[in-house]
Amino acid sequence: MADGSRPLKKTHVPARPPQFERIALLLQRGGALGAYQGGVYQALAEAHLHPDWVAGISIGAINAALIAGNPPEHRVEKLRAFWETVSKPPPGAFDPAGVVPRDGEAFIPKEQRDAAAKVPNPVKASPESIALGRDRFATFCTPCHGPEAKGGVTGPVATKFIPPPDLTNPDLQRQRTDGYWHSYIVVGGAVMPAYGEALSSQEAWHIVNYLRSLAPGGAAGRAAAKP
């Protein structure tokens, strides 16, 4: 460069790709892991580590088919297109006539987010609830939002795709009601997939309580401030 500065370089891209006799990629089942696998494969592709063998189970098998069925230069593009498509359920997909979720609470479609945002949180933010929410967040949310819920900073998927917002941000915490966040978890959003089939409504409320604990002055913040 003219000013003598050096361009930024991605840390996962080696200057000289290691030489392996064979590269095998094994992909596990699970919707959240499936999205995570897309980010992992992009990192591998950017490092010029293209697998010779690909195998998978359940959603991992679909990702494996997309990888094996496309030339290396188009694989990331096809994976991204697939996950953007499956993250957008058709209108009313979670509210079919005469059908309710396993815990008996009907979900409000995301097209009616304003109505969902007014639903009060029926679960008290007890230490037990926050602990359960932390556990479910670690399982289903960490790949995109990162373990600190700051999104796009450490989340292995978000750093490769569209970074989600910082859920600990005080302004965002004030703008979003509990009902709004609960709706986003169970029926999804513009990019975020829906978890209404993987989580019960109550588990989603526990996650909301955990997110509230991350706000300045929340339970998690107070615990971190203790000597």
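Summary of values
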read-out	value
Karplus 3J(HN,Hα) series, Hz, for the stretch 206-212 with 6.51 cos²θ - 1.76 cosθ + 1.60 (x for Gly, Pro)	4, 4, 4, 4, 5, 4, 5
Most to least packed among 163-172, 131-140 [average Cβ atoms within 10 Å]	131-140, 163-172
Å³ per residue enclosed by the Cα convex hull of the stretch 119-203	101
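Here, each number is a calculation from the coordinates, and none is a lab measurement. Predicted, not measured: the structure shown is a model, and the values here were computed from it. Glycine also receives a Cβ, built like all others from the backbone with ideal geometry; neighbour counts cover every protein chain displayed.
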